[in-house]
Amino acid sequence: MSSVSGAHGFQLKAPKSPLLPCALPALEPRADEVVVEVAGCGVCHTDIGFAFEGVPTRHPLPLILGHEISGRVAAAGENCLGSLGQSVIVPAVIPCGECAACRSGRATICRKQFMPGNDGDGGFATHVLLPARGLCRVPESLPSGLRLEMLSVVADAVTTPYEAIRRSGLSPDDVAVVVGVGGVGGFGVQIAAALGAAVAAIDIDRERLDLAAQHGAGMVLDASSTDLKGLKAAVRSFSKECGRKGIGLKIFEMSGSPAGQATAFGLLDHGAYLAVVGFTPRPIELRFSNLMAFDATARGNWGCPPEQYPAALQLVLDGKVALAPYVELHPLAEAPAILEAVAQHSLRRRAILTPDHHKNKPGVERTP
Ligand SMILES: [Zn+2]
Ligand SMILES: [Zn+2]
């Protein structure tokens, strides 16, 4: 048995209020649980929904948010002592592993899943108590330019588009169209390119498009100055020029905006595959029959099963998916201001909160 005392973090006490600092009670993992010393925790739009848009968390408030966590196992229950000291990425959604959905290979729809920062305290803290299931081990020595805290965004921001792309069966014969190349789509472009596809990137932000052009996109299209007809024509000639044999476009909606969704749906062609990765609560009007007329497929995915994490991580370790141009690190102490900034869209990159473990070292106590 071991436990961690002196941990602290930032809590959401009530919807639409700033995060407040809080001390955690001693964290004592049960047999199948671990305490992870957080190296970094990415700030996701889902956190903004909880904090500022009144989206309810499944666990009642107060709650520590944050579900993109990397760190080191600082304490472990008796069934997972082997993980002590390991560097890990915590899956954003941890399935129970036992229910009918989990047993039939549909772990992402497990109703007993644990999402840190939603079903229990999350990673905007020095430490987090979690089920040990599904932790993705990270090698102790990382390629230059990569740090454990940066790998936090592999949970969710990299793995969710990875799973969408994996499910699409994307191959080097295909043309992938990624709509929305921000915090998630920027990784989607790189993953699709790493799998050998020719990638067209669509966004309304010039800077994001420029970055996508440097990291995987063979063509970028500015939807703020090109209408759907123009986008379709450009994608068609791109497909022709790059000479891929794949039938039908593989379209990935990663903007989570009504306009992006309309664009993605509007690009459907014969045999197309549309993956819905982004989320918006706002509805849009579609001619649904286009799916039928084009013999097309549309599919969504809620996160990524833990067993796919190592393959997604490998793309990052191999340098095929660059994280550095897409993330920025901020001290955990600035959590309330950083969440506000993310909500106001005033940060250009995905924010990662990093606790200062040297300044305020909580005690790890081992008892027999
Ligand atoms: Zn998220
Ligand atoms: Zn389950």
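Using the rule -39500 (n - 2.57) for each DSSP H run of four or more residues, divided by the residues of the chain, the 222 nm mean residue ellipticity is -6500 deg cm²/dmol. Dipole magnitude for the chain: about 580 debye, using +1 per Lys or Arg Cβ and -1 per Asp or Glu Cβ, origin at the Cα centre. One quarter of the convex hull surface built on the alpha carbon atoms of region 5-161 amounts to 9.6 nm², the projected area averaged over directions.
Relative to the current alpha-carbon distance between Glu140 and Leu317, full extension at 0.36 nm per residue lengthens the span by 62.5 nm. Across region 222-356, C-alpha contacts under 8 Å between residues 6 or more apart give a mean separation that, scaled by the residue count, equals a relative contact order of 16 percent. Counting neighbouring Cβ atoms within 10 Å and putting the fewest first, the residues Lys250, Lys232, Lys16 line up as Lys16, Lys232, Lys250.
When only alpha carbons are used to place a centre, region 268-331 and region 160-219 end up 9 Å from one another. Can you tell which of Ala125, Val235, Cys136 lies farthest toward the positive end of the dipole of the chain, using +1 and -1 charges on the Cβ of basic and acidic side chains (Lys, Arg; Asp, Glu)? It is Val235. Taking the DSSP beta bridges with both ends in the chain, the antiparallel portion is around 55 percent. Restricting the calculation to Cα atoms, region 288-363 yields a radius of gyration followed by a Dmax of 19.3, 63 Å. Scoring 348-358, 172-182 by mean Cβ neighbours within 10 Å over their residues and listing the highest first yields 172-182, 348-358.
Among 59-67, 123-131, 7-15, how do they line up by average Cβ neighbours within 10 Å per residue, starting with the highest?
Working: 59-67: 21.1, 123-131: 27.8, 7-15: 19.6.
Top of the packing list down: 123-131, 59-67, 7-15.
Over the chain, calculate the relative contact order: mean separation of alpha carbon pairs under 8 Å at least 6 apart, over the residue count, as a percent. Mind dumping the intermediate values first?
Numbers: 878 pairs, mean separation 72.1, N = 368.
This gives 20 percent for the chain.
Can you give the FRET efficiency to the nearest 0.05 for Arg236 and Asp210, using r as the Cβ-Cβ distance and R₀ = 22 Å? If you can, show how the numbers build up before the last one.
On the way: r = 23 Å, r/R0 = 1.06.
With a Förster radius of 22 Å, E is 0.40.
Straight-line reach from Lys16: which aspartates and glutamates have Cα under 16 Å away, leaving out those fewer than 8 places along the same chain? The reachable aspartates and glutamates, counting only those whose Cα sits under 16 Å from Lys16, are Asp47, Glu53, Glu340.
Rounded to the nearest 10 degrees, the angle from helix 228-242 to the longest Cα principal axis of the chain is 90 degrees. Dipole orientation for region 300-351: of the candidates Ala322, Leu332, Asn301, Ala322 has the Cα lying most toward the positive pole (charges on Cβ; Lys, Arg +1; Asp, Glu -1).
Dipole size of region 88-232 about its Cα centre, with +1 on Lys/Arg Cβ and -1 on Asp/Glu Cβ: approximately 540 debye, rounded to the nearest 20. Using the Cα coordinates of region 94-233, the gyration tensor eigenvalues translate into equivalent-ellipsoid semi-axes of 32, 19, 15 Å, sorted from longest to shortest.
Per-residue Karplus couplings for region 133-140, computed as 6.51 cos²θ - 1.76 cosθ + 1.60 with θ equal to phi - 60°, are listed in order as 4, x, 4, 9, 6, 10, x, 5 Hz, Gly and Pro entered as x. Amide H contacts for Phe252 (H built 1.01 Å from N in the peptide plane; partners 5 or more residues away or on another chain; cut-off under 5 Å): Val177, Val178, Val179, Ala275.
The simple Förster model, with R0 at 22 Å and r as the Cβ-Cβ distance, assigns Ala23 and Glu78 a FRET efficiency of 0.25.
Counted by Cβ distance under 15 Å from Val175, the other residues give a net charge of +2, where Lys and Arg count +1 and Asp and Glu count -1. Listed values for region 97-104 are Karplus-derived 3J(HN,Hα) couplings in whole Hz (6.51 cos²θ - 1.76 cosθ + 1.60, θ = phi - 60°), namely x, 10, 6, 4, 5, 4, 5, 9, and x replaces Gly and Pro.
Placing a label point 7 Å from the Cα of Ile247 along the Cα-to-Cβ line, the residues of region 262-287 whose backbone N sits under 16 Å from it are 269-274.
Kindly put Cys304, Cys80 in sequence by how many other C-beta atoms sit within 10 Å of each C-beta, fewest to most.
Details: Cys304 27, Cys80 19.
So the residues, fewest neighbours to most, are Cys80, Cys304.
Extent along the principal axes, Cα only, for the chain: 67, 41, 39 Å, with the longest axis given first.
Which value results for Rg/Rh of region 186-253 when Rg is the Cα radius of gyration and Rh the Kirkwood radius based on the inverse mean 1/r?
Result: Rg/Rh = 0.94.
Considering only Val43, Ala92, Gln11, and ranking their Cα positions along the charge dipole of the chain that arises from unit charges at the beta-carbon of Lys, Arg, Asp and Glu, the one farthest toward the positive end is Ala92.
Quick one: dipole size for region 76-125, taken about the Cα centre, charges +1 on Lys/Arg Cβ and -1 on Asp/Glu Cβ, in debye to the nearest 20.
Details: 4 positive and 4 negative charges, 59 e Å.
I would put it at about 280 debye.
With Kirkwood's inverse mean 1/r over C-alpha pairs for Rh, give me the Rg to Rh ratio of region 55-104, two decimals please. It would help to have the intermediate numbers written out before the result.
Details: Rg = 14.2 Å, Rh = 13.6 Å.
Reported Rg/Rh, Kirkwood definition of Rh: 1.04.
Result for the chain in a Gaussian network model with C-alpha springs under 10 Å: among Val184, Val43, Val342, the largest mean-square fluctuation is at Val342.
Rule-based calculations on the coordinates, nothing more; no lab input. All figures in this text were calculated on a predicted structure; none of them were measured in a lab. Methodologically, a virtual Cβ is constructed for each residue, glycine included, from the backbone with ideal geometry; neighbour enumeration extends over all protein chains shown.
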